[in-house]
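Enquirer: Quick one: structure below, then a few questions.
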Amino acid sequence: MSTAEAPVVVKRAHDAFRAGKTRSLECRRKLLEDLLRMITEKEQDFVEAMRKDLNKPEFESVSYEIDFAKNDIIDALNNLDNWAKPQQVERPLHMMGTPAYIQHQPYGVVLIIGAWNYPFQLTVLPLVGVIAAGNTVIIKPSEIAQEFATVLAKVVPQYLDNDCVQVVNGGVEVTTDLLKERFDHILYTGSGVVGRIVMEAAAKHLTQVTLELGGKSPCFIDDDVDINTVARRLLWGKFMNAGQTCIAPDYVMCKRSMNDKLLSAIVETIKEFYGEDPKTSPDYGRMVSDRHFQRVLSLTKNSKIAIGGDSDASQRYIAPTIITDVKDSDPVMLEEIFGPVLPIFNVHNMDEAIDFINSKSKPLALYVMSNSKAVIKRFTDETTSGGLVSNDVLLHAGLTTLPFGGIGASGMGCYHGKFSFDTFSHKRACVNANPGMDKLLSMRYPPYTTGKLNMMRWILGKKRKSGLFGWAVAAALIGVCAVVLFMVLK
């Protein structure tokens, strides 16, 4: 896309929204059905594209990206009527005859800036919520996952109304041009550095943003765990997609006395997952680009590598790598790793682990491995993160009934399932007043009197609930109000 095209593309999306092409539930269902058909019929094209970009195994592409999105579409189709219907709200006593509700309105034109590590899931999943909420959308896939971006731009016009859903490809300059335009909502997935740029651009138009960022997600391992089970669950989440997962465990925290036992279990687990040589395994991915390959390798320099450490620049291959004797000031602890390198950071006890987590930026995810409910409760109550999972990893991202998102430096806003619909919907407050109730409302009009003020305070004042006595008082008040209403309207 050239610089001159950005205004044209965005205008097309605004025109389509103003024309009402996405407002009706029927139009939204049609777009969702078409999207589902596109995914089903072009599945292998997407799988092959992600294999070329990331050497991603078909199992991971289908299970954690394609089927993930298909399930979200089906969830939206099954629940759209219920999500979109007006939501009735409680009303105070003096408004009992006045309907009040929340109307879910589409924002208008949404910009989705996708990510390269899960290019399908992190582009299509928010798209489901955008469509379900009734918006038009412009998708800017990451240029780093070039094969996926090319396939998406090719197939979307074949299946979806291109006034309502447009795909724009290009590099940083294209994203920069798009961000100069006015959108009604922007969702960006990626680094905090770019997230700040997106937020600054959005602020010029007072555009709302959802930022899905990342950070260093810790995993605390207690002394009482089954170390073999922990190792399998930990390494599944860490080495999936060659570590290029925003909620992958970024570092382990445990006592030094746990190191040998944990390292022994990790060695066996790596063999179980990827064989004697992970480089030859069809189930082990690659770094997405030379730049990312070199960046991750640089984080391991001068580190004590206990397991792995091998690499091959020609394949962008980095072996599953474990680092020990890690200090807080080491490069590997100063930024999100986003690769198949796992540091073990030793602490003396749980209190030190909690203090360390709380001294850093709030992580996107936090993992606690322990058989003690008290330990899990301590981390639940005394730390903050986008999500928390005990005795496993990543699971919260697979539940559409849970919000997925970060806090602070790890992001703002959330989506998945109904949370996607809510994120891309404006919640409009609606009250349908009765024109025939003016006598009852006359106490609000000037001239003001002490009697009017006392009556207003009595009617509008909220009463605290206090068991059966409170309900009895409330019933008595309702009776009094009924008498007052009768006398006023008489």
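The values are calculated or read from the model by the stated rules, or taken from the named source; none is laboratory data. Note that the structure is a prediction, hence the values are computed from the model and not measured. Heads up, the Cβs are rebuilt from the backbone with ideal geometry, glycines too, and the neighbour counts pull from every protein chain shown. Accessible surface is based on the protein model in full, side chains and every heavy atom, while ligands, DNA and RNA are left aside. Shrake-Rupley method; radii C 1.70, N 1.55, O 1.52, S 1.80 Å.
Enquirer: Suppose every Lys and Arg Cβ carries +1 and every Asp and Glu Cβ carries -1, with no other charges. What dipole size does the range 85-227 come out with about its Cα centre, to the nearest 20 debye? If you can, show how the numbers build up before the last one.
Expert: Values: 9 positive and 15 negative charges, 134 e Å.
Charge dipole of the range 85-227: 640 debye, to the nearest 20.
Enquirer: Enumerate the calculated ³J(HN,Hα) couplings along the range 357-370 in order (Karplus 6.51 cos²θ - 1.76 cosθ + 1.60, θ = phi - 60°), each rounded to whole Hz, writing x wherever the residue is Gly or Pro.
Expert: Once θ is set to phi - 60°, the couplings for the range 357-370 become 4, 6, 7, 10, 4, 5, x, 5, 9, 9, 10, 10, 9, 6 Hz.
Enquirer: If you find the alpha carbon centre of the range 41-91 and of the range 246-271, how far apart are they in angstrom?
Expert: The two parts, judged by their Cα centres, are 32 Å apart.
Enquirer: Take the Cα gyration tensor of the range 91-132, multiply each eigenvalue by 5, square-root it, and list the three semi-axes largest first, rounded to whole angstrom.
Expert: On the way: eigenvalues 310, 21, 11 Å².
Each semi-axis is the square root of five times an eigenvalue, giving 39, 10, 7 Å.
Enquirer: Restricting things to alpha carbons, find the Rg to Rh ratio for the range 190-235 using the Kirkwood radius for Rh. Let's see the in-between values first.
Expert: Numbers: Rg = 18.6 Å, Rh = 13.8 Å.
My calculation of the ratio gives 1.34.
Enquirer: Considering only Cα-Cα distances, which of the following residue pairs are longer than 20 Å: 11/140; 70/418; 377/465; 52/271; 216/418?
Expert: Details: 11/140 16 Å; 70/418 15 Å; 377/465 30 Å; 52/271 25 Å; 216/418 27 Å.
Checking Cα-Cα distances, 377/465; 52/271; 216/418 exceed 20 Å.
Enquirer: Rounded to whole Hz and in sequence order, give me ³J(HN,Hα) for the range 335-351 from the Karplus expression 6.51 cos²θ - 1.76 cosθ + 1.60, θ = phi - 60°, writing x for Gly and Pro.
Expert: 8, 4, 6, 6, x, x, 10, 10, x, 10, 9, 7, 10, 7, 6, 5, 4
Enquirer: Also: Give the residue from 167, 187, 104 lying farthest towards the positive end of the charge dipole for the range 90-208; charges sit on Cβ (+1 for Lys and Arg, -1 for Asp and Glu) and the dipole is referred to the Cα centre.
Expert: It is 104, whose Cα lies furthest towards the positive end.
Enquirer: Given axes a ≥ b ≥ c from the Cα gyration tensor, I'd like to know whether the range 234-284 is rounded (a/c under 1.5), prolate (a/b larger than b/c) or oblate. Kindly include the intermediate steps, with their values, before the conclusion.
Expert: Working: a/c = 3.48, a/b = 1.29, b/c = 2.69.
Note, shape of the range 234-284 comes out oblate.
Enquirer: Amide H to amide H under 5 Å from residue 307: which residues, 5+ apart in sequence or cross-chain, H placed 1.01 Å off N in plane?
Expert: Under 5 Å from the amide H of residue 307: 322.
Enquirer: Once amide H atoms are built 1.01 Å from N in the peptide plane, which residues 5 or more positions from residue 426, or in another chain, come under 5 Å H to H?
Expert: 105, 107
Enquirer: Can you give the charge dipole size of the range 286-434 about its Cα centre, rounded to the nearest 20 debye, using +1 on the beta carbon of Lys and Arg and -1 on the beta carbon of Asp and Glu? Can you show the working numbers first?
Expert: Values: 15 positive and 15 negative charges, 108 e Å.
Computed charge dipole of the range 286-434: roughly 520 debye.
Enquirer: Now, a different point. Calculate how large, on average over all directions, the projected area of the Cα convex hull of the range 1-68 is; give the answer in nm² to one decimal. Display every interim value, and only then the final one.
Expert: Numbers: hull surface 25.9 nm².
Taking a quarter of the hull surface, the average projection is 6.5 nm².
Enquirer: Take the Cα radius of gyration of the range 197-267 and divide it by 2.2 N^0.38 Å, with N its residue count; two decimals is plenty. Walk me through the numbers on the way to the answer.
Expert: On the way: Rg = 17.9 Å, N = 71, 2.2 N^0.38 = 11.1 Å.
In units of the 2.2 N^0.38 Å rule of thumb, it is 1.61.
Enquirer: Here's another thing I want to ask about it. Which one of 297, 454, 400 is farthest out on the positive end of the charge dipole of the chain, using unit charges on Cβ (Lys, Arg +1; Asp, Glu -1) and the Cα centre as origin?
Expert: My answer, from the dipole projection, is 454.
Enquirer: For the range 336-388 and the range 124-191, compute the distance between their C-alpha centroids and round to whole Å.
Expert: Here the two parts' Cα centres lie 35 Å apart.
Enquirer: How far, in degrees from 0 to 90, does helix 5-18 lean away from the longest principal axis of the Cα atoms of the chain, to the nearest 10?
Expert: It works out to around 40 degrees.
Enquirer: Given H placed 1.01 Å from N in the peptide plane, which residues other than close sequence neighbours of residue 387 have an amide H under 5 Å from its amide H?
Expert: Excluding prolines and chain starts, which carry no amide H, the hits are 365, 366.
Enquirer: Moving to a separate point now. Would the range 406-463 count as rounded, prolate or oblate if I go by the C-alpha gyration tensor, calling it rounded below 1.5 in a/c and otherwise prolate when a/b exceeds b/c, oblate otherwise? Before the final figure, lay out the partial values.
Expert: Numbers: a/c = 4.45, a/b = 2.49, b/c = 1.78.
The shape class here is prolate.
Enquirer: Determine the shape class of the range 105-152: with a ≥ b ≥ c the square roots of the Cα gyration tensor eigenvalues, call it rounded for a/c under 1.5, and otherwise prolate if a/b is greater than b/c, oblate otherwise.
Expert: prolate
Enquirer: Quick check: residue separation of residue 310 and residue 264 times 0.36 nm, minus the Cα distance between them. What number comes out in nm?
Expert: Working: separation 46, 0.36 × 46 = 16.56 nm, distance 1.85 nm.
Using 0.36 nm per residue and subtracting the Cα-Cα distance, I get 14.7 nm.
Enquirer: Largest first and in whole Å, give the semi-axes of the chain's equivalent ellipsoid, each being the square root of 5 times a Cα gyration tensor eigenvalue. Intermediate values should be presented prior to the final figure.
Expert: Numbers: eigenvalues 463, 203, 72 Å².
Ellipsoid half-lengths, sorted descending, are 48, 32, 19 Å.
Enquirer: Relative to the present Cα-Cα distance, how much length would full extension add between residue 399 and residue 105 at 0.36 nm per residue of separation?
Expert: Details: separation 294, 0.36 × 294 = 105.84 nm, distance 2.51 nm.
Residue separation times 0.36 nm, minus the Cα-Cα distance, leaves 103.3 nm.
Enquirer: Rounded to the nearest 10 degrees, what's the angle between the helix 192-203 long axis and the longest principal axis of the chain, both from Cα atoms, 0 to 90?
Expert: Helix 192-203 sits roughly 30 degrees off the main axis of the chain.
Enquirer: For the Cα atoms of the chain, what angle does the longest principal axis make with the long axis of helix 67-84, in degrees from 0 to 90, nearest 10?
Expert: The angle comes out near 0 degrees.
Enquirer: If R0 is 41 Å, what FRET efficiency do you get for residue 67 and residue 257 from their C-beta distance, rounded to 0.05? Don't skip to the answer; put the middle values down first.
Expert: On the way: r = 41 Å, r/R0 = 1.01.
So the FRET efficiency works out to roughly 0.50.
Enquirer: Tell me, what is the Rg over Rh of the range 332-397, with Rh the Kirkwood radius over Cα pairs?
Expert: Values: Rg = 12.1 Å, Rh = 12.9 Å.
Here Rg/Rh amounts to 0.94.
Enquirer: To continue, here is another question. Heavy-atom accessible area per residue, the range 7-46, 1.4 Å probe: how many Å²?
Expert: Values: 2130 Å² over 40 residues.
That works out to 53 Å² for each residue.
Enquirer: Taking the Cα centre of the chain as origin, sum charge times position over the Cβ atoms of Lys and Arg (+1) and Asp and Glu (-1), and report the length of that vector in debye to the nearest 20. Intermediate results must be reported in sequence, preceding the final value.
Expert: Numbers: 55 positive and 55 negative charges, 580 e Å.
Dipole of the chain, to the nearest 20 debye: 2780 debye.
Enquirer: Next question, about the same structure. Out of the total accessible area of the range 120-178 (probe 1.4 Å, heavy atoms of protein only), what percent is carbon and sulfur?
Expert: Details: 760 of 1530 Å².
Whole-percent figure for carbon plus sulfur exposure: 50.
Enquirer: Report ³J(HN,Hα) in whole Hz for each residue of the range 456-466, in order, from the Karplus equation J = 6.51 cos²θ - 1.76 cosθ + 1.60 where θ = phi - 60°; Gly and Pro get x.
Expert: Couplings: 4, 5, 5, 6, 7, x, 7, 10, 6, 7, 8 Hz.
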